[in-house]
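Okay, structure first, notes after.
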Amino acid sequence: MEIALLQMMVKEDKETNLERAEELVKKAAQGGADVAVLPEMFNCPYDNAYFREYSEPKGGETYRRLANMAKENAIYVVGGSIPQIRGNNIYNTSYTFDRQGNELHEYSKTHLFDIQVDGGQAFKESDTLTPGDGLRVFQTEFGLFGLGICFDIRFQSEWERLQKQGALVCIVPAAFNMTTGPAHWELLFRARAVDNQLFMVGVSPARDLDFSYHAYGHSIVADPWGNVLAQLGFEEGMAIVSVDLERVASVRRQLPILPPPVAE
């Protein structure tokens, strides 16, 4: 299976972002990718000041464009995340579509990014966003995938639960910053991969110094042994990474530390 990490530069204009996402998904499909993954808040600058203004209901413009990207390119599209409005609440929501453009999965970020690092980053998503109700797996032609968003990766019990449900690959659209990124980004993806003996995929926006929030970038794939198969830098870019899913069973056989999967 080939997974494309689409580390795009997110701009203030939504249409520019959508057009760039369409270009990158098409390029990924032409490059042989089976799955294209966009970053967290790919249609919107990552800032509380933008989330409500850029929010859309399910089925809105971004949703439809994502479905078309998948259908037109016959590729799975994990649509990063966007601000979704439900009633008066705003959620950080990801949509995934199959090769025919059908929705496979919808997930809203459960663990909101509320931090205050001494001498570093401060951010409080809960000023604007409402939390979702838990991570889940979804079926693909390759097997079961799990999905979380950014700060969710710090909660190991969530990923253990997805592994117990049969996840082979877990995908995390994320926007770590220049405080937590250098310290924890690679460490967390490798740790979750080793803890749960599966593939972990993280896709970030590119770093843009023109905005208040400076994403770390460094989109990554870590395998069940904890090896980093690919990692980008700060700039916009794409990597298509070959993922051998037989590696999951191989590592679990060699290091039998996990209980068998249990359907929920």
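Here the Kirkwood formula puts the hydrodynamic radius of the chain at 18.0 Å, using every distinct Cα pair.
The GluC sites (Glu not before Pro) of the stretch 192-252 that DSSP puts in a loop, and whose beta carbon has at most 13 other beta carbons within 10 Å, are GLU235. Taking Cβ atoms as reference points and 13 Å as the exclusive limit, the residues near VAL25 contribute a net charge of +1, counting Lys and Arg as +1 and Asp and Glu as -1. Using the empirical formula 2.2 N^0.38 Å as the baseline, the Cα radius of gyration of the stretch 92-228 reaches a ratio of 1.04.
The H on the amide N of LEU229, modeled in the peptide plane, is under 5 Å from the matching H of VAL221, ALA222, ASP223, each at least 5 residues off or on a different chain.
Beta bridges assigned by DSSP with both partners in the chain are antiparallel in approximately 65 percent of cases. Basic side chains Lys and Arg get +1 at the Cβ, acidic Asp and Glu get -1 at the Cβ, and with that the dipole of the chain about its Cα centre reaches some 600 debye. Centre-to-centre separation between the Cα atoms of the stretch 1-61 and those of the stretch 207-264: 19 Å. Peptides 185-191, 97-103, ordered by how many other C-beta atoms sit within 10 Å of their residues on average, highest first, read 185-191, 97-103. Proximity of backbone amide H atoms, modeled 1.01 Å from N, is registered between CYS170 and GLY146, PHE199, MET200, VAL201 at under 5 Å, excluding neighbours fewer than 5 places apart on the same chain.
Once C-alpha pairs closer than 8 Å and six or more residues apart are averaged by separation and normalised to the residue number of the chain, the relative contact order reads 19 percent. Accessible surface of the stretch 9-154, 1.4 Å probe: 44 percent of it comes from carbon and sulfur atoms. Translational diffusion coefficient of the stretch 1-130 (Stokes-Einstein, Kirkwood radius from Cα pairs, 37 °C, 0.692 mPa s): 219 µm²/s. Distances between placed amide hydrogens fall under 5 Å for LEU135 paired with no residue 5 or more residues away or on another chain. Per residue, the accessible area of the chain comes to 40 Å² when a 1.4 Å probe rolls over the protein heavy atoms. Charged neighbours of GLU103, selected by a Cβ distance under 12 Å, balance to +1 (K, R count +1; D, E count -1). Summing Lys and Arg as +1 and Asp and Glu as -1 over all other residues whose Cβ lies under 15 Å from the Cβ of ALA74 gives a net charge of -2.
Each principal axis of the Cα cloud of the stretch 162-227 was taken in turn, and the coordinate range along them, longest first, works out to 41, 18, 14 Å.
The values are calculated or read from the model by the stated rules, or taken from the named source; none is laboratory data. Remember, it's a predicted structure, so these values are computed and weren't measured experimentally. Neighbour counts run over all protein chains shown; Cβ positions are idealised from the backbone, glycine included. Only protein heavy atoms, including side chains, enter the accessible area calculation; ligands, DNA and RNA are left aside. Shrake-Rupley method; radii C 1.70, N 1.55, O 1.52, S 1.80 Å.
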